[in-house]
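The values are calculated or read from the model by the stated rules, or taken from the named source; none is laboratory data. It should be emphasised that the depicted structure is a prediction, and the values quoted were computed from it without experimental measurement. Note that we place each Cβ from the backbone using ideal geometry, even for glycine, and neighbour counts take in every protein chain shown. These area figures cover heavy atoms from the full protein model, side chains too; ligands, DNA and RNA do not enter into them. Shrake-Rupley method; radii C 1.70, N 1.55, O 1.52, S 1.80 Å.
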Amino acid sequence: MRRRLVWIALALLALLALAGGGAVLALTLSLPRYAGTVAVAGLAQPVRILRDAQAIPHVTAASEADAYLAMGYLHGQDRLWQMEFDRLLGEGRLAEVLGEAAVPIDRFLRTLGLTSHAETALRGLAPETVSLLEAYSAGVNAAIAQFGSILPPEFLILRHQPEPWRPVDTLRFQKLM
């Protein structure tokens, strides 16, 4: 009997070690890549991103559109949860993720009409500006695609999937600020 308890304890310990190792691996894989080459669809020319000692990115691009796409990618890679949370906040949809306690906040933010204001602003922008916002959105969406199912821990804990980023999301965030 004692021998059986030892085997059960060892099996439980092994399972615990596997679960802990899996959690560490998942968290590590969800971190941004700071080195190497990444292929991102939509770039007209290669973009160079260098991070300094504090991991602050410095972008060198041949065109403004490529720079916006690269910045969208960087923001999506480094700040995806913050961006998704702010989108939900601006749309008045926090309760979808945080539960019923967020309904009063959602109700208030929906009365502000930030989405309709952002949509109106988007319709009034010059085509060149809309193109840059679309490039930025493509960069954010490329970062989301790169994460795949290994999302940052906030998404896993709250069981939430990020939605594709759109130009209106950027303008709504601007109005929220």
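When restricted to residues that are more than 13 Å from the chain's Cα centre (by Cα) and either of a type in the set (S, T, N, Q) or farther than 19 Å from residue 74 by Cβ (or both), region 153-169 contains 4. Taking the criterion of being among the polar types (S, T, N, Q), under 21 Å from residue 162 (Cα atoms) and without any contact (Cβ under 8 Å) to a residue 12 or more places away in the chain, the only residue of region 117-151 that qualifies is 149. How many residues does region 36-74 hold that are of a type in the set (Val, Ile, Thr) and open to solvent by 70 Å² or more (accessible area, probe 1.4 Å)? Looking only at that region, the number is 3.
Here the condition is being modelled with pLDDT under 95 and within 24 Å of residue 47 (Cβ to Cβ); of 164, 127, 152, it holds for 152 alone.
So is residue 82 part of a helix (DSSP H, G or I) and surrounded by 19 or more Cβ atoms within 10 Å (Cβ to Cβ) or not?
Values: part of a helix (DSSP H, G or I): yes; surrounded by 19 or more Cβ atoms within 10 Å (Cβ to Cβ): no.
No, not satisfied.
Going by what's in this entry, would residue 27 be described as at pLDDT below 70, open to solvent by 80 Å² or more (accessible area, probe 1.4 Å) and aliphatic (A, V, I, L, M)? Answer is yes for this residue. The set of residues from region 123-152 being in a loop (DSSP other than H, G, I, E, B) and over 24 Å from residue 97 (Cα atoms) comprises 124, 125, 126.
The residue that is farthest from the chain's Cα centre (by Cα), among those in region 48-68 that are under 20 Å from residue 79 (Cα atoms) and of a type in the set (A, V, I, L, M, F, W, C), is 53. Note on region 119-152: among residues that are of a type in the set (Val, Ile, Thr) and within 11 Å of the chain's Cα centre (by Cα), the one that is most open to solvent (accessible area, probe 1.4 Å) is 144. If the condition is being outside any helix (DSSP H, G or I), under 24 Å from residue 121 (Cα atoms) and open to solvent by 80 Å² or more (accessible area, probe 1.4 Å), then region 153-177 contributes 164, 166, 177.
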